Amino acid sequence: MTAMDDPGIPPVLPPPRRRAAHNIFWLIAERGLKAVGGVGIAVLIARHLGPEHYGSYGAAIGLATLAKEAVMLGFDRMVRRDLAARPQEAGGIIGTSTLLGFVVALLTISVLTALAGHFVGDAETRRLTLIVIWMALPQAFFSCEIWFESSGDTRPLVWTRNAVWLGALAGRLTLVFTGAGVTAFAILALAEWAATYGAVVLLLKSRQGGTFRLHFDSRQLWAWMREGWPAILMVLVGSTVDRIMVLLVHTLAPDAQAGYLNAALRITEVWWSISTIIGAVLLPRIVALQRADPVRCAAITQLYANASLLIGTGAAVIVTLTAPLLIPWFFGAAYAPSAMVLIVVVWAGPAIFPSVGRSQLWITRRLLIFDLPTVVAIAASQLALSFWLIPKHGAIGAATAIAGAQWIGVYGLTLAVPALRKASRHQLIAFRALFAPAATVRALFDFVKSMLKS
């Protein structure tokens with residue numbers, strides 16, 4: 001029996017609140033820097049490559065992202081929880097996840113290589129895919145990153161990752177200004193990912209000292225498998241559908257349409273990544289209060305739901321008002337159709353933000369199985385809508401499929417299934433808070449201020 005199987009173990013306690021606040025600050029600062037710099041360089045690359053080549057590049061990167069997510073098997077949240085709960089067993093936890101990641105990475109690379117050879121008809125997209133899917137191999141060390149985050153020691157991690165990222169950013173600028181082809185960008189993306197995890201592993205080794213040893217723990221692996229099999233299914237179903245959208249547009253519509261969708265998705269990814277920051281602020285406190293103070297826990301849980309829906313909706317409103325002006329200005333006149341694509345797809349945010357929050361809460365309560373019906377419903381709806389809409393409407397059809405499927409899976413299914421409706425009461429109540437946004441902002445501000453003072 002492992003520690004996670006013992007119901008008598010006390011709840012996971014977060015680091016001291018001031019240290020947690022500093023931890024959050026560094027994560028938010030990193031996200032902010034990469035959001036601004038990432039969008040900026042994406043704009044330059046998109047303008048340099050043009051919609052057709054940018055669509056091929058986006059399709060390949062989508063498959064690479066699928067490969068990286070497959071390596072984690074959806075276990076990353078359990079790894080984070082277990083490292084925080086049992087730091088003394090970090091060698092076994094990290095060693096087990098790394099070995100598992102290597103095995104899954106090699107299998108994923110083999111499968112995607114075979115599929116690309118048979119089903120990706122475009123030679124350029126196929127060539128790019130065969131390069132970037134190797135990003136799955138360094139992804140096997142993902143738990144090394146999680147160790148820093150779960151221990152509250154994020155400052156050196158942020159500096160290390162950003163040093164590699166800035167080097168890669170300089171490389172991309174060089175490629176743009178020297179007129180390099182799309183293959184060079186794919187090679188650089190692979191090199192950046194390998195350098196990032198190489199640097200993180202060396203950093204972990206230096207922080208832990210010579211006594212730190214990675215080893216495989218079969219009991220830990222089986223414990224994850226018993227609890228996490230729904231996460232594996234969700235990766236296979238949900239992530240696959242999400243990450244092949246640009247490829248579907250590239251296959252079912254003219255090449256430029258894939259470029260329009262890829263440009264829009266680069267913008268929305270910045271907004272949607274904010275959902276993880278909200279979780280970093282609120283989740284540790286929710287976990288700590290689940291047994292110690294259930295009333296306070298319920299209040300913060302509702303605040304989490306309110307803030308998720310408010311930020312998702314607010315982002316959609318802002319993007320809707322600004323996209324027609326900003327997209328042609330940033331990406332160039334060739335990408336003008338991306339503005340309407342962005343306006344449609346960003347309205348998935350009011351479903352995605354609360355869904356991410358709900359999933360995180362279910363993980364802390366070992367209710368991961370509740371998320372499986374939602375993921376399956378979203379994937380099935382998105383695929384059905386995609387094959388219907390993309391041949392007729394191209395990138396806008398894909399955007400409609402993405403946004404529509406999120407609302408169907410997150411809210412439609414929840415309202416239709418009593419068990420999900422009961423488990424999602426905080427997310428449904430949050431719609432009332434939309435009529436008093438100032439109250440949510442004030443409560444979130446007061447919560448963060450209390451962390452800084454403690």
Fill in: ³J(HN,Hα), Karplus 6.51/-1.76/1.60, whole Hz, each residue of the range 36-53, x for Gly, Pro
5, x, x, 5, x, 6, 4, 4, 5, 5, 4, 5, 5, 7, x, x, 5, 5
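Between Rg and the Kirkwood Rh of the chain, both from Cα atoms, what is the Rg to Rh ratio?
Values: Rg = 21.5 Å, Rh = 22.8 Å.
Result for the chain is an Rg/Rh of 0.95.
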Item to complete: Would you kindly state how much longer the chain becomes between residue 372 and residue 445 on full extension, computed as 0.36 nm times their sequence separation minus their alpha carbon distance, in nm to one decimal?
Response: 23.0 nm
Worksheet item: Which shape class applies to the range 182-241: rounded if a/c is under 1.5, otherwise prolate when a/b exceeds b/c and oblate if not, where a ≥ b ≥ c are the square roots of the Cα gyration tensor eigenvalues?
Response: oblate
Worksheet, complete the sentence: Working note, the range 343-454: Cα radius of gyration (Å, one decimal) and Dmax (Å, whole number) are 16.6, 57
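Per 0.36 nm of contour for each residue apart, how much would the distance between residue 365 and residue 388 grow if the chain were fully extended, relative to their Cα-Cα spacing? Please report the intermediate quantities before stating the final value.
Details: separation 23, 0.36 × 23 = 8.28 nm, distance 3.81 nm.
Answer, rounded to one decimal: 4.5 nm.
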Worksheet item: By per-residue mean of other Cβ atoms within 10 Å, what is the highest-first order of 314-322, 379-387?
Response: 379-387, 314-322
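Taking the mean number of other Cβ atoms within 10 Å as a proxy for protection, how do you rank 93-102, 396-405 from highest to lowest? If you can, show how the numbers build up before the last one.
Numbers: 93-102: 21.9, 396-405: 25.5.
Taking the mean over residues of other Cβ atoms within 10 Å, the ranking is 396-405, 93-102.
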Worksheet entry | Cα-based shape type of the range 13-227, given that a ≥ b ≥ c are square roots of the gyration tensor eigenvalues and the cut on a/c is 1.5 | oblate
Worksheet item: Past the 29 Å Cα-Cα mark, which pairs from 34/392; 34/449; 34/422; 422/449?
Response: 34/392; 34/422; 422/449
Item to complete: Run the quick spin-label model on residue 218 and residue 438: label points 7 Å from Cα toward the beta carbon, then report their separation in nm to one decimal.
Response: 6.4 nm
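Once R0 is set to 45 Å, what does the formula 1/(1 + (r/R0)^6) return for the Cβ-Cβ distance between residue 298 and residue 233, expressed as a FRET efficiency to the nearest 0.05?
Details: r = 30 Å, r/R0 = 0.67.
E(calc), rounded to 0.05, equals 0.90.
R0 = 51 Å: FRET efficiency of residue 417 with residue 199, Cβ-based, nearest 0.05? Kindly include the intermediate steps, with their values, before the conclusion.
On the way: r = 45 Å, r/R0 = 0.88.
With R0 = 51 Å, the Cβ-Cβ based efficiency is 0.70.
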Worksheet, complete the sentence: Note on the range 52-180: alpha-carbon gyration tensor, axes a ≥ b ≥ c; rule is a/c under 1.5 for rounded, else prolate if a/b larger than b/c, else oblate; result oblate
Worksheet item: When the Karplus curve 6.51 cos²θ - 1.76 cosθ + 1.60 is applied with θ = phi - 60°, which whole-Hz ³J(HN,Hα) does each residue of the range 198-205 get, with x for Gly and Pro?
Response: x, 5, 5, 5, 4, 5, 4, 4
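How would you order 172-184, 47-59 from highest to lowest mean count of nearby Cβ atoms within 10 Å? Intermediate results must be reported in sequence, preceding the final value.
Values: 172-184: 14.4, 47-59: 23.9.
The densest-packed peptide leads the list: 47-59, 172-184.
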Worksheet item: What translational diffusion coefficient, in µm²/s and rounded to a whole number, does the Stokes-Einstein relation yield for the range 244-454 at 37 °C and a viscosity of 0.692 mPa s, taking the hydrodynamic radius as the Kirkwood radius over Cα pairs?
Response: 181 µm²/s
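Taken together, the values in this text are just the output of simple stated rules run on the coordinates, not laboratory data. The model shown is predicted, which means the values in this text are computed figures rather than measured ones. Here Cβ is always computed from backbone atoms with ideal geometry, including for glycine, and neighbour counts include all displayed protein chains.
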